[in-house]
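To keep things clear, I will list the structure first and then write my remarks on it.
The values are calculated or read from the model by the stated rules, or taken from the named source; none is laboratory data. Keep in mind that what you see is a predicted model, and the values were worked out from it rather than measured. Note that each Cβ is placed from the backbone with ideal geometry, even for glycine, and that neighbours are counted across all protein chains shown. The accessibility values were calculated without ligands, DNA or RNA, using every heavy atom of the protein model including side chains. Shrake-Rupley method; radii C 1.70, N 1.55, O 1.52, S 1.80 Å.
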There are 2 protein chains.
Amino acid sequence: MMDNSRVVNTYPLSSYHFYIKDQKTEKNYSVRARLSRLRLNYSIEGMKRSVEGVLLVQEHNFPYVLVFKIGDTLHKLPGGKLRPGEDEIEGLKRKLSSKFARNNPEHQQNWQIRECLGIWWRPNFDNVLYPYCDSHIQPKECTKIYLVQLSAGESLGVPENFKLLAVPLFELHDNGKYGRVLSSIPRQLSTFRFNHISP
Amino acid sequence: MMDNSRVVNTYPLSSYHFYIKDQKTEKNYSVRARLSRLRLNYSIEGMKRSVEGVLLVQEHNFPYVLVFKIGDTLHKLPGGKLRPGEDEIEGLKRKLSSKFARNNPEHQQNWQIRECLGIWWRPNFDNVLYPYCDSHIQPKECTKIYLVQLSAGESLGVPENFKLLAVPLFELHDNGKYGRVLSSIPRQLSTFRFNHISP
């Protein structure tokens, strides 16, 4: 089976409309609080399941990833924790709408979720993720990273307390500042061909 | 399109038979010699196209990658340079046979080449590879990494002057000692499910 034909359409950053919306509660400011919540929830629900989306735009015919910056140093992809039993794709759509859609809950964005680009495992109650999981380990969290095909000219809301950055692949690649998940995205996208569509 | 169902069968290392065969010429001992050959060939043939294979075995239900060790520090995947105009899949089969098959050219190994796991670009005549290529750049080399599905119990010849190692994913992951191509393989395999088949 060949995957050479995988194509992503990207549209100029300037073709999107960004507006500020109500702020979102962000529970991840403190690593310690997050890990203690992970431990508590694990004892109740078992392994945490998370989903995150890679949303691409282009500038000068080069791909950029939309990244939330929360506080001074935390960078993360849009996404979050699935509900118990929730489908991954449906859950990611719910999370993307919660982050980007208008405050009006009647407005349903039609998210196009594509390939799973990477899977990350958290074997311990700490901050280290691995792209594999030994069968002897009971992982505490599993995060799946999905490619999201954006359409041209969409309106994206940004919670008032977040910043939304467009970061080029060359800036993310192997750059410890962004953490393992974000700094691995260029590698996980390398087999895709980008179809940069001009306005 | 979902890729969650991607499965690789792996068989125990002990199910394979390894034997020593005639030595292969290895032109890559010296980085300087390699780069000067790259520059010369580029002026004649244009961009170098290379293909490499990820061959997996298992030990204790965990995936290991077959890696050549050449000299004291050079680790590389089996593969090599394509001929001008040569098909990638056919070229990788030719290279794998040249490395692993019996000296008897009548013996044709039936290689099963699967997904392309990663693409690496060399924008300059130096040792640095990137998983993307800006459209303004004329790359000097493009290397494609393919997953190869091994069958159980195959006989693999190892050139007398090479060592063949089976390296677990946790040893390769993010480990600078192996270089960017090898140390990225665990990330590029993370969306695959391993079906570890016992003898």
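Over the residues of segment A:151-199, compute the C-alpha Rg and express it relative to 2.2 N^0.38 Å.
On the way: Rg = 13.6 Å, N = 49, 2.2 N^0.38 = 9.7 Å.
Against the compact-globule rule of thumb, the ratio is 1.40.
Which three numbers, in whole Å and largest first, are the semi-axes of the equivalent ellipsoid of the protein assembly as shown derived from its Cα gyration tensor as √(5λ)? Present the calculation step by step, with values, prior to reporting the outcome.
Numbers: eigenvalues 314, 134, 63 Å².
Calculated on Cα positions only, the semi-axes equal 40, 26, 18 Å.
Taking all protein chains as present, what is the carbon and sulfur share of the accessible area of segment B:44-199, in % to the nearest whole number, probe 1.4 Å?
Numbers: 2990 of 6530 Å².
Carbon-and-sulfur percentage of accessible area, whole number: 46.
Using a label position 7 Å from Cα in the Cα→Cβ direction, what is the ascending list of nm distances from B:I20 to the same site in the other copies?
7.3
Averaged per residue, what accessible area in Å² does segment B:63-135 show with a 1.4 Å probe, protein chains only?
With all protein chains present, segment B:63-135 gives 45 Å² per residue.
Nearest the rotation axis from A to B, which residue of chain A has its beta carbon, and at what whole-angstrom distance?
Chain A residue with minimal Cβ-axis distance: A:R187, 3.
Averaged over its residues, how many other protein chain Cβ atoms are within 10 Å of peptide A:109-120's Cβ atoms? Before the final figure, lay out each step's value.
Working: counts 0, 0, 0, 0, 2, 3, 6, 7, 5, 5, 7, 2.
Other-chain Cβ atoms within 10 Å of each residue's Cβ, averaged: 3.
Which distance in Å, rounded to a whole number, links the C-alpha centroids of segment B:70-132 and segment A:150-178?
Segment B:70-132 and segment A:150-178 have Cα centres separated by 35 Å.
For segment A:127-169, take the convex hull of the Cα atoms, compute a quarter of its surface area, and give me that in nm², please.
5.7 nm²
Of all the C-alpha pairs in segment A:83-199, what % are more than 26 Å from each other?
Details: 2027 of 6786 pairs.
That tail contains 30 percent of the Cα-Cα pairs.
Threshold 10 Å², probe 1.4 Å: give the residues of segment B:153-174, in number order, that are less accessible with all protein chains present than with their chain alone.
Listed in order, they are B:L169, B:F170, B:H173, B:D174.
Can you list, shortest first and in nm, the gaps between the label point of B:R32 and those of its counterparts in the other copies, using a point 7 Å from Cα in the C-beta direction?
Its label point is 5.4 nm from the equivalent points in the other copies.
Taking a point 7 Å out from Cα toward Cβ as the label site, list the nm distances between B:L165 and the same residue in every other copy, smallest first.
3.5
Over 26 Å, how big is the tail of the calculated P(r) for chain A, in percent of all Cα pairs?
Working: 6424 of 19701 pairs.
The calculated P(r) of chain A puts 33 percent of pairs beyond 26 Å.
Is segment B:1-74 best put as rounded, prolate or oblate by its Cα gyration tensor, with a ≥ b ≥ c the root eigenvalues, rounded for a/c under 1.5, and otherwise prolate when a/b is larger than b/c, oblate when not?
Working: a/c = 3.07, a/b = 1.54, b/c = 1.99.
Since a/c reaches 1.5 but b/c is at least a/b, the shape of segment B:1-74 is classed as oblate.
Quick query: amide H of B:L150 versus all other amide H atoms, modeled in the peptide plane; which residues come in under 5 Å with a sequence gap of 5 or more or a different chain?
Residues meeting the amide H criterion: B:L56.
How big is the B/A interface in buried accessible area, both sides summed, 1.4 Å probe, to the nearest 100 Å²?
On the way: alone 10880 and 10910 Å², together 18800 Å².
Heavy-atom accessible area buried at this interface is about 3000 Å².
Can you give me the relative contact order of chain A as a percent, contacts being Cα pairs under 8 Å and 6 or more apart?
Values: 374 pairs, mean separation 70.0, N = 199.
Relative CO of chain A lands at 35 percent.
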